[in-house]
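Engineer: Mind looking over this structure? Questions follow.
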């Protein structure tokens with residue numbers, strides 16, 4: 001089997017998914033076109049060499065429907081013969097897109113692929129596809145398909161996490177992200193000009209650097225009402241040790257909704273000669289799992305554990321972890337389960353502070369990991385994300 005290499009990883013800034021967000025007014029096609037053009041220019045890529053484009057996108061409806069991977073290539077004027085595939089494994093979609101693109105290289109199906117993701121949540125809001133298992137509460141309870149925040153509250157209840165602990169994770173995420181932005185460490189960002197607002201968007205917008213622990217503690221729990229509609233009863237019935245569910249997740253310790261896109265150029269060793277540049281990293285191994293659906297967002301921890309176990313690795317062997325902050329309880333669970341040192345985990349903040357443009361997040365996290373590994377002159381890193389229903393995917397990379 002061939003090896004797959006990452007030659008570049010770029011992304012747009014993460015903007016607030018609101019009318020006043022810097023990217024609001026742009027279509028998903030327009031945002032992806034910026035990255036297609038930037039990737040081509042940065043790497044001297046010949047578009048005709050690209051043999052597949054795989055994008056993650058969770059809410060595939062309206063402007064994000066109709067296989068946005070292929071549709072965006074046509075919009076951007078790419079050759080007709082370049083195929084496109086759009087994947088949805090919930091919030092791990094971007095990482096799964098990377099995995100699929102890399103597998104095509106590893107199996108000899110392609111020498112050059114592009115992976116990444118898109119989510120314009122200001123224009124195509126979460127759940128606007130009206131999927132039955134999210135919109136029909138009776139069906140959701142029957143099939144144990146719960147909202148992400150409900151799973152986070154269950155994790156907090158099962159592992160005896162306090163409100164202060166999850167707020168501390170959120171506060172740390174904000175402080176680390178603000179510091180990294182101020183220092184210019186998010187070097188994978190491609191600035192985006194928004195002609196609708198006549199502004200250049202160059203930085204992540206969701207960071208709340210002035211928020212305090214008092215501000216966080218004043219916020220009301222968000223998922224108690226959903227719990228009262230039968231979710232709490234279902235979770236307690238399947239976990240007899242629980243008398244009730246701790247509702248401790250708020251808007252402050254949950255991932256922020258955002259607009260963004262991400263792209264990676266992935267290829268085999270021969271692509272180096274065509275581009276005239278060396279790859280940045282090698283994809284070493286991947287693990288995809290599914291954990292307890294009632295915990296919803298625990299797949300990140302399980303996927304990372306499975307990946308390290310298969311490779312015979314421990315947390316001490318990994319230089320940096322970029323793990324999905326799918327609610328603060330998930331980060332605490334990852335750290336406890338995997339025995340990760342605090343100075344190795346999400347060192348530049350995570351989705352709570354930076355935002356979570358669902359389909360784009362995996363590619364963004366990979367770019368963030370690469371940037372930081374290179375800045376530190378370190379070698380090994382793991383990126384992983386949780387999706388709904390307990391799903392999770394993790395990728396181990398080695399910088400070159």
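Engineer: Looking at (1) out of contact with any helix residue (DSSP H, G or I) (no Cβ under 9 Å at 6 or more places or on another chain); (2) farther than 20 Å from residue 36 by Cβ, can you tell me which one residue 67 breaks?
Structural biologist: Unmet condition: (2).
Engineer: Keeping to the stretch 11-30, report how many residues are more than 15 Å from residue 354 (Cα to Cα) and surrounded by fewer than 24 Cβ atoms within 10 Å (Cβ to Cβ).
Structural biologist: The number of residues fulfilling the criteria is 7.
Engineer: Oh, and also: Considering only the stretch 165-280, give the strands (runs of 3 or more DSSP E) lying wholly within it that have at least 2 residues that are in contact (Cβ under 8 Å) with a residue 24 or more places away in the chain, crowded, with 20+ Cβ neighbours inside 10 Å and under 22 Å from the mean Cα position of the chain (by Cα). So that I can check it myself, show each step before the final result.
Structural biologist: Details: elements: 192-194, 199-201, 258-267.
Counting at least 2 such residues, we get 258-267.
Engineer: Condition first: in contact with a strand residue (DSSP E or B) (Cβ under 6 Å, 6 or more places away or on another chain) and farther than 23 Å from residue 356 by Cβ. Now tell me which residues in the stretch 238-265 satisfy that.
Structural biologist: 265
Engineer: To continue, here is another question. Suppose we filter the stretch 1-30 for residues that are part of a helix (DSSP H, G or I) and in contact with a strand residue (DSSP E or B) (Cβ under 7 Å, 6 or more places away or on another chain); how many remain? Please lay out each step first, then the result.
Structural biologist: Narrowing the stretch 1-30 to residues part of a helix (DSSP H, G or I): 28-30.
Then keep just the ones that are in contact with a strand residue (DSSP E or B) (Cβ under 7 Å, 6 or more places away or on another chain); that gives 28.
Summing the residues that are part of a helix (DSSP H, G or I) and in contact with a strand residue (DSSP E or B) (Cβ under 7 Å, 6 or more places away or on another chain) in the stretch 1-30 gives 1.
Engineer: Among (1) touching a strand residue (DSSP E or B) at 6+ places or on another chain (Cβ under 7 Å); (2) under 30 Å from residue 285 (Cβ atoms), where does residue 172 come up short?
Structural biologist: The one condition residue 172 does not meet is (1).
Engineer: Considering only strands (runs of 3 or more DSSP E) fully contained in the stretch 43-148, which possess at least 3 residues that are at pLDDT 95 or above, under 22 Å from the mean Cα position of the chain (by Cα) and surrounded by 20 or more Cβ atoms within 10 Å (Cβ to Cβ)?
Structural biologist: Working: elements: 52-56, 84-87, 112-120.
Per the criteria, 52-56, 112-120.
Engineer: Right, something else. When the stretch 292-312 is examined, which residues are found to be in a loop (DSSP other than H, G, I, E, B) and at pLDDT 95 or above?
Structural biologist: Across the stretch 292-312, the qualifying residue is only 312.
The values are calculated or read from the model by the stated rules, or taken from the named source; none is laboratory data. Keep in mind that what you see is a predicted model, and the values were worked out from it rather than measured. Because the Cβ atoms are built from the backbone with ideal geometry, glycine has one as well, and the counts that use them run over all protein chains shown.
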